[in-house]
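Heads up, the thing below is written out as structure tokens.
The values are calculated or read from the model by the stated rules, or taken from the named source; none is laboratory data. Keep in mind it's a predicted model, so treat the numbers as computed, not measured. With ideal geometry, Cβ positions are generated from the backbone for all residues, glycine too; neighbour counts draw on all protein chains shown. Calculation scope for accessible area: heavy atoms of the full protein, side chains included, ligands and nucleic acids excluded. Shrake-Rupley method; radii C 1.70, N 1.55, O 1.52, S 1.80 Å.
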Amino acid sequence: MEGIIYLRLKKKLLVKEHATLKLKDIASLSSNGPEVRELGESLIYQVSPSDENVAVIDVFTIIDKLNSCYPELEFQHIGQAQTILIIETGKKQASIFLVSMIWLLLFVGSAMAIMNFHYDVSMQEVQQRLHFLMTGEELNYPLWLQIPYSFGLGVGMILFFNHLFKKRFNEEPSPLEVEIFKYQQDLDNYVAYYENELNKPHDHNHSQ
């Protein structure tokens, strides 16, 4: 075999414990020759218990291993330089009690945040003033304004986050999804750097 092999690493891969990864599992290959299939079967990485929940495979490590096995080929990589392995461990069933407590905590916290906001901006006084301007009468609890406003607040939050349970209203991402995506990118960059063996500190002997 001889020629140039182009490989592009997958950004993230979900694997099981003790999985054996071949080149075709972690990279897309391209070549003019027929050797792509054989290269795809090359063993690249063995998931071990020391990897815990995440591991990173660097393209330099892959090319170094391929060069030793196929010295007559030239390897060039395109795109990102690492593949992040998310290792599936034994999943534990979520406790109904724990989920209920978290849901209750989030519900109460959200309700308190909304009520404190309305208190800070004197929303009740604003609604009373609106009622007076529109009817000429003073009323402490203008329910005809407060009830639609409460429903509108809930509908507005649903439209803002573009979700009702699992249903999406359109394909445009919500601001929350964009922020989660940006956070996930930063997290992947952090993991790719600090979990990469090439970036881990090593002991060196220094001569005086």
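Run the numbers for Lys12 and Leu143: contour at 0.36 nm per residue of separation, minus the present Cα-Cα distance, in nm.
Values: separation 131, 0.36 × 131 = 47.16 nm, distance 5.26 nm.
In short, 41.9 nm is gained.
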Hey, what angle do you get for helix 59-69 against the long axis of the chain, alpha-carbon based, 0 to 90 degrees rounded to 10?
20 degrees
Specify which residue in the list Ile4, Val126, Ile86 is farthest towards the positive end of the charge dipole of the chain, using unit charges on the beta carbon of Lys, Arg (+1) and Asp, Glu (-1), about the Cα centre.
Val126
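For the chain, give me the percentage of DSSP beta bridges that are antiparallel, rounded to the nearest 5 percent. The partial results should precede the final answer.
Values: 14 of 24 bridges.
Expressed as a percentage, antiparallel bridges in the chain total about 60.
What number does segment 120-194 give for Rg over Rh if you use C-alpha atoms and the Kirkwood radius? Write out the running numbers ahead of the final one.
Working: Rg = 20.5 Å, Rh = 15.9 Å.
Expressed as Rg/Rh, it is 1.29.
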5 angstrom amide H check on Ile44, placed H, neighbours 5+ away:
Leu21, Lys22, Leu23
When the distances between all Cα atoms of segment 21-102 are binned every 5 Å from zero, what whole-number percent does each bin get?
3, 11, 20, 20, 13, 9, 7, 5, 5, 4, 3, 1, 0
Separation between the Tyr190 and Met112 pseudo-spin-labels, each 7 Å from Cα along Cα→Cβ, expressed in nm?
2.6 nm
Taking the C-alpha atoms of the chain, how large are the radius of gyration and the largest Cα-Cα span, Dmax, in Å?
28.3, 91
Write down the accessible area per residue of the chain in Å², having rolled a 1.4 Å probe over the full set of protein chains.
77 Å²
How much accessible surface does Phe160 have with a 1.4 Å probe, in Å² rounded to 10?
110 Å²
Out of residues 5 or more away from Ser174 or on other chains, whose amide H comes under 5 Å of its own, with H placed 1.01 Å from N in the peptide plane?
none
Roughly what % of DSSP beta bridges within segment 3-88 run antiparallel, to the nearest 5?
55 percent
Can you count the Lys pairs in the chain with C-alpha separation below 24 Å, eight or more apart or on different chains?
29
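Hey, any idea what % of the chain's accessible area is carbon plus sulfur with a 1.4 Å probe?
Working: 9630 of 15930 Å².
Roughly 60 percent of what the probe reaches on the chain is carbon or sulfur.
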